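Take a look at the structure set out below.
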Amino acid sequence: MTLLKHEFRMGQKSLAIWTAAIGAFIACCVFLFPEMAGQMKMVSNIFASMGAFTAAFGMDRLNFGTLTGFYAIECGNILGIGGALFAAMLASNLLCKEEKERTAEFLLTHPITRCQVVAGKLLAMLAQTLVMNAVVFVIAVASVAAIGYDIPWKELALLHLSCFLLQVELEGICFGISAFLRRGGLGIGMGITICLYFMNLIANLSKQAKFLKYITPFGYTEGADILSDGRLNPRYLAVGAVFTAIGILAAFWEYRRKDIH
């Protein structure tokens with residue numbers, strides 16, 4: 001519990017900045033919607049005729065003239081990409097920062113096992129992610145209420161839940177990788193996030209590449225799929241849960257046997 005509180009306190013500045021930035025961008029997009037709603041039908045028609053470009057982002061299946069369609073594209077991308085980068089940044093340095101900052105001797109001389117160290121850092125990471133998503137969800141709901149529209153609770157909840165699960169999966173993968181590093185893995189985490197994002201774009205463009213949806217967590221955050229199906233794809237979620245579990249188990253396994261300098 002002490003380690004959890006310490007890690008949470010150490011990351012609270014970064015958490016506040018990312019939460020404020022993502023929340024502010026989402027609020028701005030929602031506040032812009034009433035001014036743009038009248039023009040969105042024409043925009044939807046333009047996008048529908050742009051072929052591969054709109055298919056890549058799922059815009060050919062969404063109506064920009066509705067709040068949910070607009071939110072799924074604009075706000076969904078902000079939360080999806082921004083949240084994913086935050087998750088990768090947070091997780092990729094957690095288990096290697098003591099070696100990088102030369103504080104490992106101080107930490108490991110305390111009466112706690114290495115498994116407790118990993119568990120404490122893991123819980124702190126998940127707590128920060130949960131706080132960020134909860135605050136951003138409240139901001140989104142308040143913004144929709146402020147512009148006088150009925151709040152689409154189910155659609156908002158599913159879109160935000162998918163992005164939360166995306167972040168958890170990326171954290172699990174990057175957390176496991178960080179256990180094998182010594183000098184920080186920020187670049188690796190960011191690189192993995194960007195690669196997975198482009199995998200989803202490729203899967204949207206080509207039927208032959210649809211299998212990539214099972215690899216990239218961005219596959220189950222697709223706003224068009226969520227709004228049309230009214231649920232998250234359980235097959236993609238199941239594969240994502242496996243990747244998350246493998247990353248976390250790898251972190252415990254490697255950190256226990258690692259020769260920490």
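The values are calculated or read from the model by the stated rules, or taken from the named source; none is laboratory data. Everything numeric here is computed off the predicted structure, so don't read it as measured data. Don't worry about glycine lacking a Cβ; one is built from the backbone with ideal geometry, like all the others, and counts go over all protein chains shown. Keep in mind that these areas ignore ligands, DNA and RNA; they rest on the heavy atoms of the full protein, side chains included. Shrake-Rupley method; radii C 1.70, N 1.55, O 1.52, S 1.80 Å.
Oblate is the label for segment 73-230, because a/c, from the alpha-carbon gyration tensor with a ≥ b ≥ c as root eigenvalues, is 1.5 or above and a/b does not exceed b/c. Taking a ≥ b ≥ c as the square roots of the Cα gyration tensor eigenvalues, with a/c under 1.5 meaning rounded and otherwise prolate when a/b beats b/c, else oblate, which class fits segment 149-208? Note, shape of segment 149-208 comes out oblate. Treat each spin label as a single point 7 Å out from the Cα along the C-beta direction, and report the residue 256 to residue 146 distance in nm. For the pair residue 256/residue 146, the computed spacing is 4.9 nm. Taking all protein chains together, 29, 96 sort by accessible area into 29, 96, largest first [probe 1.4 Å].
Listed cross-link partners 13/121; 154/213; 121/258; 13/258; 210/258; 13/97 are compared with a 27 Å cut-off, the Cα-Cα value being larger for 13/258; 210/258.
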